[in-house]
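Read the structure below first, then the notes.
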Amino acid sequence: MRNAFFLGVVLVIPIAILIALLYSLGRFFWSVFSDLRLYRELDQIQSQSESRLQKKREENARRLDNGCEHCFDSALGGFPPGVCPRCGLEKEKPPGRCDHVWRRREGPVLGSYCEKCGKRYRPDA
């Protein structure tokens with residue numbers, strides 16, 4: 001009886017260790033496979049993002065190609081920051097539907113307005 005017990009222990013312990021090692025190895029390969037799949041998806045997302053960004057840059061360059069020598073550094077005359085005082089276009093297309101074209105507002109108060117949507121800008125407010 002004692003010999004059968006020890007023989008069972010001697011056989012069960014290595015088999016349990018082998019099963020634990022195989023389980024651990026299987027989990028390792030599954031995590032490697034999952035990581036590779038995730039990195040492939042991330043590469044696709046990054047390439048799509050770069051293509052969208054490039055398309056946005058090209059659209060912005062076409063939008064600003066109106067024959068004006070843009071000067072975005074100065075905000076003279078009550079224009080918002082990043083607006084060309086010569087043609088009234090912003091350096092980057094603003095969020096929303098309106099691509100603002102700013103014009104100087106007449107009167108004693110310094111400011112400007114969008115000729116498309118009527119939005120007003122005052123530099124002190």
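The values are calculated or read from the model by the stated rules, or taken from the named source; none is laboratory data. A quick note: this is a predicted structure, and the numbers were derived from the prediction, not measured. Glycine also receives a Cβ, built like all others from the backbone with ideal geometry; neighbour counts cover every protein chain displayed.
A single entry from D73, D35 fulfils the requirement of being in a loop (DSSP other than H, G, I, E, B) and within 29 Å of the chain's Cα centre (by Cα): D73. The residues in region 93-111 that are under 30 Å from R57 (Cβ atoms) and part of a loop (DSSP other than H, G, I, E, B) can be counted, and the count is 8.
Exactly one residue among V109, V83 is at pLDDT 85 or above and out of contact with any Gly (no Cβ under 7 Å at 6 or more places or on another chain), and that residue is V83. When D43 is tested against the conditions (1) acidic (D, E); (2) surrounded by 10 or more Cβ atoms within 10 Å (Cβ to Cβ); (3) modelled with pLDDT under 95, the lone failure is (3).
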